[in-house]
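The values are calculated or read from the model by the stated rules, or taken from the named source; none is laboratory data. Predicted model only: the values in this text are computed from it and were never measured. Neighbour counts run over all protein chains shown; Cβ positions are idealised from the backbone, glycine included.
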Amino acid sequence: GAGVSQSPSNKVTEKGKDVELRCDPISGHTALYWYRQSLGQGLEFLIYFQGNSAPDKSGLPSDRFSAERTGGSVSTLTIQRTQQEDSAVYLCASSPGPDSYTEAFFGQGTRLTVV
Amino acid sequence: GQNIDQPTEMTATEGAIVQINCTYQTSGFNGLFWYQQHAGEAPTFLSYNVLDGLEEKGRFSSFLSRSKGYSYLLLKELQMKDSASYLCAVDRDYKLSFGAGTTVTVRA
C-alpha cells in the first residue's frame, strides 16, 4: 500500500481479554516501530524491528505485551490479559532502514479501550 | 522519553513567531526530527537535522547544535491551522525516541 496501514482502527475489549493489533508497513521498509500514546501524552516507545535483526523490546511495559514481525513485513502486537491502563492509541511507524536518513511514516493508529 | 525535553505548552497569536526548544542526551546521536501531530491524528514529518545549523522549509525552520544537544523548531507567520502538538524525536543508535511534545495554541 501507499502508506502504513493499521487495523483495527478502534477496539473495545473487556478487561482480561487478549487483543491483537496489526500493522502493514510501507512496502520495502525494513524498520518498524510500535509506540503507545495515552491521552494527552507523548509517544512511548514499545518495540523496534530492523530487518532480520533481533527486535529491540526494551520498551515493552510488561510480559503481557509481545510483538512479531513475519517475513520482514506485517507486524502484530499482542496484549494478553488486558488491563484498563492499557487503554491508549497504539501507533505503528515504518522507515526505509538505518542506512537511509529519512523520516518514519506513521499509521493512523489503533485506539484501544479496555472496559 | 530518554531525556528528550521540550516545553509542555506554548501559546501565540496568529501571524506571530514561536520557537519550540528541545534538548536531548547526545550519546549515540544520529539525527533529530520534528513531527507535527493534530489532535486525534497520526504524527506527520516536518523536518530533519543531522548537521549543525538551520534548515528552512517555508514557514518552518529547524536548528541543531550537536555539541549542545539542542534543537529548536521555529514557526513563522502562525496560522490557526498550526495549532497542534510538536514532537521532537531523536534518532539514537538508529532508533527513534520521542519527547512528550509541545502543544501550541494559536489565538486570533
- Message: Restricting to region B:79-108, and then to whatever is away from every other protein chain (no Cβ under 14 Å) and surrounded by fewer than 20 Cβ atoms within 10 Å (Cβ to Cβ), can you tell me which residue is nearest to B:Y24 (Cα to Cα)?
- Response: B:S83
- Message: Can you go through A:D18, A:D56 and tell me which one is touching a Lys or Arg at 6+ places or on another chain (Cβ under 8 Å), within 9 Å of chain B (Cβ to nearest Cβ) and among the charged types (D, E, K, R)?
- Response: A:D56
- Query: Across region B:75-108, what is the number of residues that are part of a helix (DSSP H, G or I) and small (G, A, S)?
  - Reply: 0
- Message: Could you tell me how many of the residues in region A:12-52 are charged (D, E, K, R) and either crowded, with 17+ Cβ neighbours inside 10 Å or at pLDDT below 95 (or both)?
- Response: 3
- Task: Could you list, in sequence order, all residues of region A:53-83 that are crowded, with 20+ Cβ neighbours inside 10 Å and hydrophobic (A, V, I, L, M, F, W, C)?
- Result: A:A67, A:L77, A:I79
- Message: Among the residues in region A:15-25, are any in a strand (DSSP E or B) and β-branched (V, I, T)?
- Response: yes
- Qualifying strands (runs of 3 or more DSSP E) (wholly inside region B:8-48; at least 1 residues being under 23 Å from A:C92 (Cβ atoms)): B:29-37
- Task: Could you tell me which numbered condition A:A54 fails, if it satisfies all but one of (1) in contact (Cβ under 8 Å) with a residue 12 or more places away in the chain; (2) over 18 Å from B:V90 (Cβ atoms); (3) not hydroxyl-bearing (S, T, Y)?
- Result: (1)
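Is one or more of the residues making up region A:29-43 more than 24 Å from B:S85 (Cα to Cα) and part of a loop (DSSP other than H, G, I, E, B)?
Looking for residues that are more than 24 Å from B:S85 (Cα to Cα) and part of a loop (DSSP other than H, G, I, E, B), one finds at least one in region A:29-43, hence yes.
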- Message: Residues that are within 30 Å of A:T30 (Cβ to Cβ), in contact with a Phe, Trp or Tyr (Cβ under 8 Å, 6 or more places away or on another chain), free of Cβ contacts under 8 Å to residues at least 60 places away in the same chain and of a type outside the set (S, T, N, Q): does region B:9-22 have at least one?
- Response: no
- One residue from B:S27, B:S67 being among the hydroxyl-bearing types (S, T, Y), over 26 Å from A:A31 (Cα atoms) and either in contact with a Lys or Arg (Cβ under 9 Å, 6 or more places away or on another chain) or exposed (fewer than 15 other Cβ atoms within 10 Å of the Cβ) (or both): B:S67
- Looking only at region B:23-55, and only at residues there that are touching a residue at least 60 places away in the same chain (Cβ under 8 Å) and at positive phi, the one that is nearest to the other protein chains (Cβ to nearest Cβ): B:G31
- Mind checking whether some residue in region A:39-49 is more than 14 Å from chain B (Cβ to nearest Cβ) and within 24 Å of B:Q37 (Cβ to Cβ)? no
